[in-house]
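Working notes, structure below.
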Amino acid sequence: MIKSILKGMVIGIANIIPGVSGGTMMVSMGIYDKLIHCITHLFKEFKKSVLFLLPIGIGMVIAIAGSSFGLTYLFEHFPIQTNLLFIGLILGGLPAIWKNVGGKKIKVGHIIAGLLFFVMVVGLAAVGETEGASADLSLNAGTVLQLFVVGIVAAATMVIPGVSGSMMLMLMGFYHPVLNAVKDFFTALASMDMDGILAGCGILVPFGLGVVAGVFAIAKLVEFIFERFPLYAYWAIIGLIVSSPIAILLMGSFPAVTVLSAVTGVLCLAVGIGIAMKLGE
C-alpha cells in the first residue's frame, strides 16, 4: 500500500513537470502494463483494479497538491539537482525494460521503432521551448468545453511513455493557468473559502473529466499494441526513455555550473536511479 502510494507520488510529480513523462515513470517502476490492464478492465475486474489503482491515485493527488507549491521553489533554487534527480528516475527504469527484450532477436523494425520515438520526443522538446500564450480561464460554457478537450489531450499524452503531458499543456497555453488553479483550489480548501473552492471546481472538474476520458481512450489503444506488437512496443519505449533526459535538458533552464552544483547534481542523479530501481522491483 505505502509502496504503491509512493509510486503514485512519483508519477504525479512527473506529470506536472514539462519535459518529464509520467508514462515513462510508470514504465521505470514496472507498473505500466498492469496499470493499463486495470484501467481497461476496470468494470470486468472491478475489485482487483480498484485495489491496484486507488493507492496510486492517492499518491498522485498528494504529489500534485504538494508539488504545485514546492516544485516552483525547487526548480528556481536547485534546477540542476532537481532535473538530474528526475533524469535518474527515468534512467533507473532501463534495466527493467531491457529484461523484456534482452536475449531476443533484434529486427530492423525494432531499431526503427526506437529511433522514431527518440526523434519524436527530442523534437517535441525542441519545439516546446517556446510556450504558447496563456489561456483565458474566465468561466463560461466555451471555457468548460475547452478545458474538457484539453484534459483529454493532456491525459492521452501523460499515459504514453516518453511524452510529457505538461509540455503539451504548455504548448497549448494551459500549463500555468491549470497549475495556478490547482494551487488556488487547495489554498481555498485549507482556509475553507467556499467562493475559492467553487471557482476552482469550475476549472478543475471539466479538466478532470477530460483527463479521465483521455486515460480510458488511450489505455485501450496501448493495450492493443502491447498484445499484438510487444517487442516493437518495448523498443519504442526504450527510445522514449533514452530520449527523455535529453528532452528534460532542452526544456530546463540552468544557471552556470559550479563544483558544488555538479557534485550534488551527480548525487541526485544516483539517488534517482536507485529509487527507480528499488520501486521497479
Does K220 count as basic (K, R), in a helix (DSSP H, G or I) and exposed (fewer than 14 other Cβ atoms within 10 Å of the Cβ)?
yes
Among the residues of the range 1-26, write down those that are within 18 Å of K278 (Cβ to Cβ) and modelled with pLDDT under 75.
T24
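Residue-by-condition table, conditions (1) surrounded by fewer than 21 Cβ atoms within 10 Å (Cβ to Cβ); (2) touching a Phe, Trp or Tyr at 6+ places or on another chain (Cβ under 9 Å); (3) farther than 23 Å from L260 by Cα:
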| site | (1), (2), (3) |
| --- | --- |
| I87 | no, no, no |
| K99 | yes, no, yes |
| I106 | yes, yes, yes |
| A113 | no, yes, yes |
Got a sec? Which helices (runs of 4 or more DSSP H) wholly within the range 102-181 have at least 3 residues that are at pLDDT 80 or above and in contact with a helix residue (DSSP H, G or I) (Cβ under 9 Å, 6 or more places away or on another chain)?
108-127, 141-159
Of the residues in the range 44-57, those that are among the polar types (S, T, N, Q) and surrounded by 20 or more Cβ atoms within 10 Å (Cβ to Cβ) come to none
Please enumerate the residues belonging to the range 179-198 that are surrounded by 15 or more Cβ atoms within 10 Å (Cβ to Cβ), of a type in the set (A, V, I, L, M, F, W, C) and over 18 Å from A63 (Cα atoms).
I197
Test: I246 is among the β-branched types (V, I, T) and under 17 Å from the mean Cα position of the chain (by Cα):
yes
Tally up the residues in the range 1-52 that are at positive phi and charged (D, E, K, R), please.
0
Please work out if A233 is in contact with a Phe, Trp or Tyr (Cβ under 8 Å, 6 or more places away or on another chain), within 16 Å of T24 (Cα to Cα) and assigned to a helix (DSSP H, G or I).
yes
Having 2 or more residues that are surrounded by 18 or more Cβ atoms within 10 Å (Cβ to Cβ) and free of Cβ contacts under 8 Å to residues at least 24 places away in the same chain is the bar; report the helices (runs of 4 or more DSSP H) wholly within the range 1-43 that clear it.
32-40
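The values are calculated or read from the model by the stated rules, or taken from the named source; none is laboratory data. What you see is a predicted model, and the numbers here were worked out from it, not measured in a lab. Don't worry about glycine lacking a Cβ; one is built from the backbone with ideal geometry, like all the others, and counts go over all protein chains shown.
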